[in-house]
Amino acid sequence: MQLEATQVFASIDPRFQRMLDRRGRGLSSPYTVSTNVGEVAVVAKVRSLAAWRAMSEVQEGALLGESGDCHLVTGRVPLARLEHVREAPTVVSLKPAQKLRPTLLQTVEETFSGADLLPDEARGQRGAGVIVGIVDFGCDFAHRNLLNPDGTTRIRQIWDQTGSATPDSPFGYGRVHSRSEINAALRATDPYLELGYGPRPDSAAQKGTHGTHVMDIAVGNGLGSATAGVAPAAEIIFVEPATTDIAWQGPGVVGSDFGDSVQLLEAVRYIFEQAGDTPAVVNLSLGTNGGPHDGTSLVEEGIDAMVREQDNRAVVIAASNSFADGIHAAGNVAEGGAHDLGWIVPHDDRTDNEVEIWYSAGDEFDLEIVTPDGTSLGTIGLGQNGRINDDNGAPLLFIAHRRQDPNNGDNVIGIFMEDRLPTGTWTLRLHGVSAANGAFHAWIERDDRGQSGFVGDDSTHTLGSISCGGESIVVGSYDAHKSGVPLSWFSSSGPTRDGRQKPEVSAPGHSVWAAHSRSGTGVVRKSGTSMAAPAVSGIVALVLAEAAALGIDIPSETIRAIVAGASRRNPPAGGAWHPRYGLGRLDANAAVQDVIDIAESL
Amino acid sequence: MEDERKNRAAEDSDEEETTRIGSDSLASLNIEQAPALGKLGGSGLGVQLMADADEFDAIVKVLEEGYKPDYVECRAEIAPCLITARVRKGDLAALEADPKVVSVEASTRLPSSDREDD
């Protein structure tokens, strides 16, 4: 037996090295009382408290005392960012520790959405008379934050797309649970068993379901956890998304929560149909990395069409969490020249990998693919496919180079790499056959179990696959627990590939404490633009409720203008759109006041 | 439902070993002309893999409001010119030839946008 040399960051406490090694081998650290999955509690010796607190990776804990010219502090840090934090100039040493401070109050106070923070003359009754649609995973209808004071449900319907179909299932699939069925289940000893639907129990991989957490931020009333969400009087329609078995599913998606774009569109259609003339906002905290990023995908076009077809409708979407993942690259290819794109597949990556490259219809590139040891496997021209199959005929490597996408006219190259191929840095060499424009953008598909990345540091254009539409309101994330409200280190960046300014706004999405499924009254901490989007959905519900109370209808463009006008600055500095904060941090008070002003001006 | 979720969790915890193939063992790319599927939109990869599948869910954009191709299993009318449908492999040629069909986009997976490592 021989010791195997590992590629683990060595200038760090050995216990952290072991954690990093485990992470590198694809093992996730389980949550503990004080940390989430993939996170570690630390005690640090730092030169500057301000610099320590300013790092968005750091979930601040306690100030323990002084040590010479330094400060001893506790906090929590994502394992993925441990090396980055350890190497920060302010950090002298880093060791394990624990400390937490739970609150959803930060979201409500920072966005001025609490009852006492809205304009005095507001009539919107905290979202009453508005439907908030949540398309997400795991609805805990029994959590007290989602019940009325008399113990009945606040949920109008749950459409479980994964449930067994009945004759009246929407679009022929899934199972709808009505308000009366939910109320009957709530009277049973085991409401989840009674209804035949419930949130997944906690596991080593997940602490609290995503959907319950998201829903609580937007509409929870605090009856269980004592802290209400943004629009606690709104009514709820929840859709649990399903997915179909698609051809390229592999181990990378096993056990993950994911829906798909067709079922997502049907979920939004269902919510708006059920809402009828009732004002409605739909929250979508889902997304992935691929796609044209110019708003022309049919899922984005479908969302736009549904929002436009009737006043008093909105769809709010999370920007995505890919800023630090190295998933985007861009460049120019000269005619007769070549551009090398380095694609790093980590040595411990045990998942399939995918890349998309989009470029102008007026150009023609050839793609040459080169292995990490420098072997060229061949060149694929526009309109050609290339593949290498294994002995059983299954694709190891597949490349499709398609001419003129029917929705935007651009050319696109898709590359699929199976997990058995060599790791290291592959080269995607783009040869300019003709290049009137020459520009290209490339994205690596999201892979939570082993994200590959491009060589170089281009974190722009990292919005999610469904976050580039024309009518949606896209939301970035910042940390409301820190005095400087810094951007979350993961919060994706705009603009869109065609240069439009998205995300529109930002909201607290970092270390947000909200309803913990299957706890009855408890809360759990989660981070992501997933947690920022429902804060904005809740604020849009307040806007729609105020408009309804004042007897005015507001079309999508007015809702978007209100959101844009109600965004606070500093940060972001200056007055211009910021690629991650958007137009600023959304302020519910200003948004509701804008509705009042519009009504008075009519 | 619960059993399925337990199974998923069990699968999730499995550590699967991958046997790597060396670069020197890889054959060169077999290059072929792509099939004429000009109306299939989205990722070139997704398009091709869907074309290889027996059937798949898709979003179909049509030219005329309310038009629903009767040779595919239409499921929902999302907008006047946009439907969702279950498409069989054999339907692709008909969709390609249908002058009232603008484009077809295969369904893509959408995970939740939280950051479990923070």
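The values are calculated or read from the model by the stated rules, or taken from the named source; none is laboratory data. All values reported here derive from a predicted model rather than from experimental measurement. Note that we place each Cβ from the backbone using ideal geometry, even for glycine, and neighbour counts take in every protein chain shown.
Taking the conditions exactly as written (over 21 Å from A:ILE237 (Cα atoms) and modelled with pLDDT under 95), does A:SER511 satisfy them or not?
Details: over 21 Å from A:ILE237 (Cα atoms): yes; modelled with pLDDT under 95: yes.
In short, yes.
With the checklist (1) modelled with pLDDT under 95; (2) touching a helix residue (DSSP H, G or I) at 6+ places or on another chain (Cβ under 7 Å) in hand, flag the one item B:VAL101 doesn't pass.
(1)
A:LEU72: hydrophobic (A, V, I, L, M, F, W, C) and away from chain B (no Cβ under 14 Å), yes or no?
Spelling it out, A:LEU72 is indeed hydrophobic (A, V, I, L, M, F, W, C) and away from chain B (no Cβ under 14 Å).
Starting from residues that are β-branched (Val, Ile, Thr) and under 17 Å from A:VAL282 (Cα atoms), keep the ones in segment A:463-488 and report whichever is modelled with the lowest pLDDT. Talk me through it step by step, then tell me what you get.
In the first step, residues of segment A:463-488 are kept if they are β-branched (Val, Ile, Thr); the result is A:466, A:473-475, A:485.
Within this subset, residues satisfying the condition of being under 17 Å from A:VAL282 (Cα atoms) are A:466, A:473-475.
Values: A:ILE466: 94, A:ILE473: 98, A:VAL474: 98, A:VAL475: 98.
The qualifying residue modelled with the lowest pLDDT is A:ILE466.
Which residue out of B:ASN30, B:ASN7 is of a type in the set (S, T, N, Q) and either buried (at least 16 other Cβ atoms within 10 Å of the Cβ) or modelled with pLDDT under 75 (or both)?
The unique qualifying residue is B:ASN7.
Which ones in segment B:75-85 are closer than 16 Å to A:LEU264 by Cα and either touching a strand residue (DSSP E or B) at 6+ places or on another chain (Cβ under 8 Å) or more than 8 Å from chain A (Cβ to nearest Cβ) (or both)? Walk me through it before giving the result.
Step one: list which residues in segment B:75-85 are closer than 16 Å to A:LEU264 by Cα, which gives B:75-79, B:82-85.
Within segment B:75-85, B:ARG75, B:ALA76, B:GLU77, B:ILE78, B:LEU82, B:ILE83, B:THR84, B:ALA85 qualify.
Restricting segment A:260-283 to residues that are farther than 20 Å from B:THR108 by Cβ and aliphatic (A, V, I, L, M), which is nearest to the other protein chains (Cβ to nearest Cβ)?
A:ILE271
Which of the following residues is within 10 Å of chain B (Cβ to nearest Cβ), of a type in the set (S, T, N, Q) and on the phi > 0 side of the Ramachandran plot: A:GLN404, A:GLN384?
A:GLN404
Which ones in segment A:288-327 are more than 11 Å from every other protein chain (Cβ to nearest Cβ) and out of contact with any Pro (no Cβ under 7 Å at 6 or more places or on another chain)?
Selection gives A:HIS293, A:ASP294, A:GLY295, A:GLN310, A:ARG313, A:ALA314, A:VAL315, A:VAL316, A:GLY326, A:ILE327.
Any chance segment A:429-447 includes a residue that's small (Gly, Ala, Ser), under 28 Å from A:PHE258 (Cα atoms) and more than 9 Å from chain B (Cβ to nearest Cβ)?
For segment A:429-447, residues small (Gly, Ala, Ser), under 28 Å from A:PHE258 (Cα atoms) and more than 9 Å from chain B (Cβ to nearest Cβ): present.
Working carefully through the options A:ARG429, A:ARG403, A:ARG420, A:ARG446, find the one that is under 16 Å from the mean Cα position of the chain (by Cα) and either farther than 19 Å from A:ASP294 by Cβ or not assigned by TED's automatic domain parsing to the domain that holds A:GLY287 (or both). Lay out the reasoning, then the answer.
Values: A:ARG429 fails: under 16 Å from the mean Cα position of the chain (by Cα); A:ARG403 fails: under 16 Å from the mean Cα position of the chain (by Cα); A:ARG420 fails: under 16 Å from the mean Cα position of the chain (by Cα).
Selected residue: A:ARG446, the only one of A:ARG429, A:ARG403, A:ARG420, A:ARG446 that is under 16 Å from the mean Cα position of the chain (by Cα) and either farther than 19 Å from A:ASP294 by Cβ or not assigned by TED's automatic domain parsing to the domain that holds A:GLY287 (or both).
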